[in-house]
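The values are calculated or read from the model by the stated rules, or taken from the named source; none is laboratory data. Note that the structure is predicted; figures quoted are calculated from it, not measured. Ideal geometry is used to build each Cβ from the backbone, glycine not excepted, and the neighbour counts take in all protein chains shown.
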Amino acid sequence: MFNLGILISGKGTNLENIYNFTQKFSNKIRISSVVCNNPEALGIDIAKKNNLPLEIINHNKFIDRVSFEKEIDSVFSEKKVDLICNAGFMRVLTSWFVNKWLNKQINIHPSLLPSYPGLNTHKRAINEGVKFSGCTVHFVRSKLDSGPIINQAVVPISPEDTEETLSKKILKAEHIIYPQAIRLISEKKLEVINNKVIYKEHFSPKEITINPSEGN
């Protein structure tokens, strides 16, 4: 069994999506632990609704970041976690934790990295007039929103898009590619070589996507 540890801080939409995905492969993949650092997070209700093992570890109760992370590490180690999935986890992790779980922790970011790391990704993309945005799943490294890219989804930006509408479009894409990344890792279909993800079988799309399209 491939065990997932999920880190959440907020609404838990990606947690719910990952849980629904695991139900399709319940004999192979399961969520063995959910850790939330925010006692007020809506994602707590999602974890409880689905009877997921949940630990609320409030970062404000620890004297420093490493002490907080050691508590998370202890929980995930006890639950025999194979892969940590950051699912709206709003804490920057120290190099101690990142190195402890090197190539065993992934994150999803709402842009086509390396473009627009950090916050306000949708606003920045719209303001700069780019024609595509999207999302990226990557292995976690100490530098924010960096690390080997596992997979990406491209979303066109229309002239009418706002931060809210673009966010909704990209969230749909997130719910497709995050489970895909988890499955690729669990089935050992990729490896990290020289800080780059290499697929053991090449299956890239061959089509060119243009925005705006010429129409008819």
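Against the list (1) crowded, with 21+ Cβ neighbours inside 10 Å; (2) touching an Asp or Glu at 6+ places or on another chain (Cβ under 6 Å), the condition Ser111 fails is (2). All of Ile6, Ile31 fail the test of being in the same structural domain as Phe97 (by TED's automatic domain parsing), free of Cβ contacts under 8 Å to residues at least 40 places away in the same chain and part of a strand (DSSP E or B), apart from Ile31. Among the numbered conditions (1) in contact with a Leu (Cβ under 8 Å, 6 or more places away or on another chain); (2) farther than 18 Å from Lys168 by Cα, the only one that Gly129 does not meet is (1).
Within the option set Gly147, Gly129, Gly88, being part of a loop (DSSP other than H, G, I, E, B) and over 23 Å from Asn17 (Cβ atoms) holds for one residue only, Gly129. Within segment 165-187, one or more residues are in a helix (DSSP H, G or I), of a type in the set (Lys, Arg) and touching a residue at least 60 places away in the same chain (Cβ under 8 Å). Looking at this structure, is Asn58 surrounded by fewer than 18 Cβ atoms within 10 Å (Cβ to Cβ) and either closer than 19 Å to Leu15 by Cβ or polar (S, T, N, Q) (or both)? Yes; evaluated as a whole, the condition is true for this residue.
Only a single criterion out of (1) outside the structural domain of Cys36 (by TED's automatic domain parsing); (2) modelled with pLDDT under 95; (3) surrounded by 15 or more Cβ atoms within 10 Å (Cβ to Cβ) is not satisfied by Val155, namely (2). Within segment 100-123, the residues that satisfy the criterion of being without any contact (Cβ under 8 Å) to a residue 40 or more places away in the chain and outside any loop (DSSP other than H, G, I, E, B) are Lys100, Gln105, His109, Thr121. Among residues of segment 48-77 being acidic (Asp, Glu) and touching a residue at least 24 places away in the same chain (Cβ under 8 Å), the one that is farthest from Asn38 (Cα to Cα) is Asp73. Inside segment 34-50, residues that are hydrophobic (A, V, I, L, M, F, W, C) and either out of contact with any Gly (no Cβ under 9 Å at 6 or more places or on another chain) or part of a strand (DSSP E or B) (or both) make up a count of 3.
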